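The values are calculated or read from the model by the stated rules, or taken from the named source; none is laboratory data. Here the structure is a predicted model, which means the values were calculated and not measured. When we count neighbours, we look across all protein chains shown, and the Cβ atoms used for this are built from the backbone with ideal geometry, even at glycine. Note: accessible area is taken over every heavy atom of the protein model, side chains too, but ligands, DNA and RNA are not part of it. Shrake-Rupley method; radii C 1.70, N 1.55, O 1.52, S 1.80 Å.
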Amino acid sequence: MNLLCPLCSGDSTELYYQQRSKKLSRDFYQCGHCHLVFVDPAQRLNAQDEKAEYDLHNNDVDDAGYRQFLSRVQLPVQARIKPAAHGLDFGCGPGPALSVMMAEQGYSVSVYDIFYYQDKTVLDRRYDFITATEVVEHLFAPGEVLSQLWSLLEHGGILALMTKMVIDQQAFAQWHYKNDPTHIGFFSQPTFEWLAGQWGLN
Ligand SMILES: [Zn+2]
């Protein structure tokens, strides 16, 4: 029986790439329906090892390079929201830099992170915008989580996702992004088009 796709739950999945390095031995599959590339669920890190990897990340809001990186989400979002808009930074990590940057511009931003900011009451209200930067590639259940985020948006709200995208098998073989053991799901243009179709978007 084929593995089920963690995004669309389809079962037309097939082997995409086998990684065999000293550090990592993982099998990547692709869904023939939504085109997500994903790691065999049996080869994911456990929660403890996953968090240990995140604890190493140095996401400092005072780091000019990191701010520049996040501005690639911040500026397009700001261009599309009203001055008093309220947002959620989902999966903000140990140092919630984007929410601080948005707060500096006068927006109020709630934060949620499964490891670092676990107050689930923030997931009980609606938002004018939701950002998830470098998050979707880590999700065990991207279909469930993205549907939830979508349901938390006000009518006309903005969902901003930032991740690096799959191009093809040849590029994938050389791609550093797949070598992070916490990266388990890889989106591409066709995957975002599939999502847009699901939600009735352009
Ligand atoms: Zn799928």
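Of all residues being in a helix (DSSP H, G or I) and closer than 20 Å to residue 91 by Cα in segment 158-202, which is most open to solvent (accessible area, probe 1.4 Å)? Just the residue, please.
Initial filter on segment 158-202 (in a helix (DSSP H, G or I)): 169-174, 176-179, 189-199.
Next, only the ones that are closer than 20 Å to residue 91 by Cα stay: 177-178, 192, 195.
Details: 177: 8, 178: 8, 192: 53, 195: 11 Å².
The residue in question is 192.
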_Test set (1) farther than 23 Å from residue 54 by Cα; (2) exposed (fewer than 15 other Cβ atoms within 10 Å of the Cβ) - residue 120 fails condition number_ = (1)
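When residues of segment 101-117 are filtered for being open to solvent by 40 Å² or more (accessible area, probe 1.4 Å), under 19 Å from the mean Cα position of the chain (by Cα) and in contact (Cβ under 8 Å) with a residue 24 or more places away in the chain, how many remain?
First pass over segment 101-117, keeping only residues open to solvent by 40 Å² or more (accessible area, probe 1.4 Å): 103-106, 108, 114-117.
So of that shortlist, the ones also under 19 Å from the mean Cα position of the chain (by Cα) come out as 114-117.
Next, from what is left, pick out any that are in contact (Cβ under 8 Å) with a residue 24 or more places away in the chain: 115-117.
The total comes to 3.
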*Among the strands (runs of 3 or more DSSP E) confined wholly to segment 1-89, which include 3 or more residues that are open to solvent by less than 80 Å² (accessible area, probe 1.4 Å), in contact (Cβ under 8 Å) with a residue 12 or more places away in the chain and away from the ligand (no atom under 16 Å from the Cβ)?*
25-31
_Regarding segment 143-153, can at least one residue be identified that is at pLDDT 95 or above, assigned to a strand (DSSP E or B) and more than 16 Å from the ligand (Cβ to nearest atom)?_
yes
*asked:* Take residue 129 and tell me if it is within 16 Å of the ligand (Cβ to nearest atom) and touching a strand residue (DSSP E or B) at 6+ places or on another chain (Cβ under 9 Å).
replied: no
*Give me the pairs: first residue in segment 152-172 and within 15 Å of residue 201 (Cα to Cα), second residue small (Gly, Ala, Ser) and open to solvent by less than 20 Å² (accessible area, probe 1.4 Å), beta-carbon distance under 7 Å, and six or more apart or on different chains, which are they?*
161/132
